[in-house]
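**Student:** This is the structure I have questions about; it appears just below.
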Amino acid sequence: DAGVIQSPRHEVTEMGQEVTLRCKPISGHDYLFWYRQTMMRGLELLIYFNNNVPIDDSGMPEDRFSAKMPNASFSTLKIQPSEPRDSAVYFCASSLLREEAFFGQGTRLTVV
Amino acid sequence: QKEVEQDPGPLSVPEGAIVSLNCTYSNSAFQYFMWYRQYSRKGPELLMYTYSSGNKEDGRFTAQVDKSSKYISLFIRDSQPSDSATYLCAIYNAGGTSYGKLTFGQGTILTVHP
């Protein structure tokens, strides 16, 4: 397996634009996590799914953020409209229950 | 209060030093404890995993869990420059409505200089 695949690796967008981040988890994993990492706040859990169902989205900062997992092999995190304070590295991770979580390479988002 | 608290450092030590990294957590439902290591511009990778109180050793690394005080530690013996990275504690929620939730501490930036 190629591991967790995220795209794009880098995204630069203007304030107010819609941003969509994509993630392909490891085949067979039933948990998928979206995290945001900044120097100030560290690695924050935004939302996680179990068997494609969102379980806890209490970390999603605002209604501007939404996440979907239409099937076991694909998830998206959308920000609409984007703001400069959304600039961060966004990680997707997948795992089996209580097992090691494998992370993607991350998407470095810059909103100008 | 954050569910997992970790001193972000940064921590700078000379090669060969013993390093101690610590986290505290607040939710008793947490029962699985991990340490991840993250190199610059990479995703975190699992370093150690334990689910019981006490010590677990793996080479130069020792993970320690004290459930009574909700305190977890990672010790690195004979630290090497290649250990320079960000170390993150992580905890699985094994109970309640957030079963399966994986929460991280803020991460401690460690630099080991030759």
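The values are calculated or read from the model by the stated rules, or taken from the named source; none is laboratory data. Just so it is clear, the model here is predicted, and its values are computed rather than measured. All Cβ positions, even for glycine, are placed from backbone atoms using ideal geometry, and neighbour counts span all protein chains on display. Note: accessible area is taken over every heavy atom of the protein model, side chains too, but ligands, DNA and RNA are not part of it. Shrake-Rupley method; radii C 1.70, N 1.55, O 1.52, S 1.80 Å.
**Student:** For the interface of chains A and B, what total accessible area is buried with a 1.4 Å probe, rounded to the nearest 100 Å²?
**Tutor:** Using a 1.4 Å probe on protein heavy atoms, the buried area is about 2000 Å².
**Student:** Cut-off 10 angstrom, C-alpha nodes, Gaussian network model of chain B. Which of B:Ile18, B:Ile72, B:Ile91 fluctuates the most?
**Tutor:** B:Ile18
**Student:** Looking only at other chains, what is the average number of their beta-carbon atoms within 10 angstrom of each beta-carbon in B:93-105?
**Tutor:** Going residue by residue through B:93-105 and averaging, the value is 5.
**Student:** How compact is segment A:1-105 by the rule of thumb for globular proteins, expressed as Cα Rg over 2.2 N^0.38 Å?
**Tutor:** 1.01
**Student:** Let me ask something else about it. Exactly which chymotrypsin sites (Phe, Trp or Tyr not before Pro) in segment B:1-46 are in a DSSP loop and have at most 14 other Cβ atoms within 10 Å? Kindly include the intermediate steps, with their values, before the conclusion.
**Tutor:** Details: sites: B:Tyr25, B:Phe30, B:Tyr32, B:Phe33, B:Trp35, B:Tyr36, B:Tyr39; in loops: B:Tyr39.
Passing sites in segment B:1-46 are B:Tyr39.
**Student:** Here's a follow-up. Label-point separation (nm) for A:Lys78 and A:Asp63, each offset 7 Å from Cα along Cα-to-Cβ?
**Tutor:** 1.5 nm
**Student:** Additional query: Which entries in A:Lys68/B:Lys70; A:Lys78/B:Lys56; A:Lys78/B:Lys2; B:Lys56/B:Lys101; A:Lys24/B:Lys101 show an alpha-carbon gap greater than 30 Å?
**Tutor:** Going by Cα-Cα distance, A:Lys68/B:Lys70; A:Lys78/B:Lys56 fall outside the 30 Å limit.
**Student:** How well do other chains shield peptide B:39-52, expressed as the mean number of their Cβ atoms within 10 Å of each residue Cβ?
**Tutor:** Counting other chains' Cβ atoms within 10 Å and averaging over B:39-52 gives 3.
**Student:** Using the Cα centre as the reference, give the magnitude of the dipole from point charges on the C-beta atoms of chain B (Lys, Arg: +1; Asp, Glu: -1; all else neutral), rounded to the nearest 20 debye.
**Tutor:** Values: 10 positive and 10 negative charges, 54 e Å.
The dipole magnitude comes to about 260 debye.
**Student:** How large is the charge dipole for the protein assembly as shown, taken about the Cα centre, if only the Cβ atoms of Lys, Arg (+1) and Asp, Glu (-1) carry charge, to the nearest 20 debye?
**Tutor:** The calculation lands at about 120 debye.
**Student:** Bin by bin, in steps of 5 Å, what percent of the Cα pairs in segment A:1-52 do you find, going until the bin that has the longest distance?
**Tutor:** Percent of Cα pairs in each bin: 4, 14, 20, 25, 22, 10, 5, 0.
**Student:** Could you check how much of the accessible area of segment B:1-81 is carbon and sulfur, as a whole percent, using a 1.4 Å probe?
**Tutor:** 47 percent
**Student:** Loop only per DSSP, at most 14 neighbouring Cβ atoms within 10 Å: give me the trypsin sites (Lys or Arg not before Pro) in segment B:8-72, ordered by residue number.
**Tutor:** Counting only loop positions with at most 14 other Cβ atoms within 10 Å, the trypsin sites (Lys or Arg not before Pro) in segment B:8-72 are B:Arg41, B:Lys42, B:Arg60.
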